[in-house]
Every structure is written in C-alpha cells, then in structure tokens.
C-alpha cells in the first residue's frame, strides 16, 4: 500500500533550535508539496517541487525556512532558528505526473511544538 | 479574495441522515478541479471525491456525491446515510489550470467544516 511517509510524527523543541522534517513521497510521484496547518490559518502551501526542482516557495518565510529535495525519494523542510509561532502540523503531499486529475496524497503530518 | 469559501465552521447531523457541506470557489480559469478531503481526529488527510470543471455529470463515490453548480461556482459535498465515522473536518480544495498544464498543480484549501454525527 503506497503512502507518503513523514518523520518525525511529533517534535517538541525549544525556541532557537533547528528542526528538520523529512518526507518520502510515493514512488513514481514527481510533485511534492509542503503544507502547514494551524487553527488560525488553516492549510497553507509553503513550497512545492516538480521533478525535484523547486517551483514555488513564496509561502515560506525565507529567513528561517528552507526546503530541498536531495533526491527523488526524500524531501526536507528545515526551520532554523525555530520560533513558537512555527508550532503547527506540517504535511507533505505528493502527486503523480501531469495528466492525472491532480489529486494529492498526504502523509500523516509532523506535529511541531516550539516552546 | 478567498479562492475557496466554506461558510459552515461546524455542522451536526443525525446518524443515517444525509448532510450537505457547502463550498464556493472563485477562479477565472476555465479548467480547474475541485476536491474534497476528510481529516479525522487522527490528523491524516483523506481524499474523498473529485470534480473537473468540464465534467458533464456530478461526481459520486459511494456515499459521497458532489453537487457541482458551475454557474454559481459551488461544489457542495453531500454525504448520504451519515455514519459515526464520518465525524471529521472536511476540506474543499481547488486546483487551477488543470487541463492546460499551466497550473501550478497546487491545491488551495478552504478553512474546513467540522462535521459531528450524532447517534
């Protein structure tokens, strides 16, 4: 059963620390998205990649957030330094090549708490 | 302007009854797709149903159907015969540029509706 895998599932850290979240997209999917979910803002797109190339990261605070895809099986989202306002659930989603309806498959999320 | 509007923050429905969750959207792109996702308390996002802007018929998937009214720009989700397991957050989402290839491939989400099914 193919699925998007995210680690860690839960992370509690202190303000100022570096946080790295990892995502393994479904094999064969060529688009990867990072979304952040909070009560106030709902689901916000942070960044997305197609064929490992970053296409849009306009939703991401550039001074502290960075997103990369070192290879087709791994996407990372890094926050350095972390702040309490970064506390949220971070979802990774992947999608098959263009030609499909555009459905995205989501991971189970990484719940981040910054104290 | 909001691209996806879900006006019902929360709804209650009696078990076995049908319920409609509202969604309106805003786009000038003629080719787009509309999606509904379910998020139970466990947190994962589960795809439910999809409707393309050029589809002639309303989409159906088991107990889920999408009431697509293109002129009104609405894409309401109808759940028939509600079950206790349907209690969850429901998100409407849109992808623009679906058939032109010019779209960004991203999904834009509404704020969600929390559905509670009462025994």
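The values are calculated or read from the model by the stated rules, or taken from the named source; none is laboratory data. Because the structure is a prediction, the values reported are computed rather than measured. For neighbour counting, all protein chains shown are included, and Cβ atoms are generated from backbone atoms with ideal geometry for every residue, glycine included.
Observations on the model:
- So residue A:59, is it touching a strand residue (DSSP E or B) at 6+ places or on another chain (Cβ under 7 Å) and at positive phi: no
- Filter pass, residue A:50 being farther than 24 Å from residue B:43 by Cα, crowded, with 17+ Cβ neighbours inside 10 Å and without any contact (Cβ under 8 Å) to a residue 40 or more places away in the chain: yes
- Filtered by the rule that a residue be more than 15 Å from the chain's Cα centre (by Cα) and either modelled with pLDDT under 95 or surrounded by 17 or more Cβ atoms within 10 Å (Cβ to Cβ) (or both), region B:16-29 gives B:27, B:28, B:29.
- Residue B:106 meets each of the listed conditions (1) surrounded by 20 or more Cβ atoms within 10 Å (Cβ to Cβ); (2) not in a loop (DSSP other than H, G, I, E, B) apart from (2).
- In region B:30-62, the residue that is surrounded by the fewest Cβ atoms within 10 Å (Cβ to Cβ) out of those that are within 9 Å of chain A (Cβ to nearest Cβ) and free of Cβ contacts under 8 Å to residues at least 12 places away in the same chain is B:42.
- Test: residue in region A:51-73 that is under 23 Å from residue B:108 (Cβ atoms), more than 11 Å from chain B (Cβ to nearest Cβ) and touching a helix residue (DSSP H, G or I) at 6+ places or on another chain (Cβ under 7 Å): no
- Test: residue B:119 is out of contact with any helix residue (DSSP H, G or I) (no Cβ under 7 Å at 6 or more places or on another chain) and loosely packed, with under 14 Cβ neighbours inside 10 Å: no
- Apart from one condition, residue B:114 fits all of (1) crowded, with 17+ Cβ neighbours inside 10 Å; (2) assigned to a strand (DSSP E or B); the exception is (1).
- In region A:1-37, of all residues being at pLDDT below 95 and surrounded by fewer than 14 Cβ atoms within 10 Å (Cβ to Cβ), the one that is farthest from residue A:72 (Cα to Cα) corresponds to A:1.
- Residues in region B:77-103 that are outside any strand (DSSP E or B) and either modelled with pLDDT of 95 or more or more than 12 Å from every other protein chain (Cβ to nearest Cβ) (or both): B:80, B:81, B:82, B:83, B:84, B:85, B:86, B:87.
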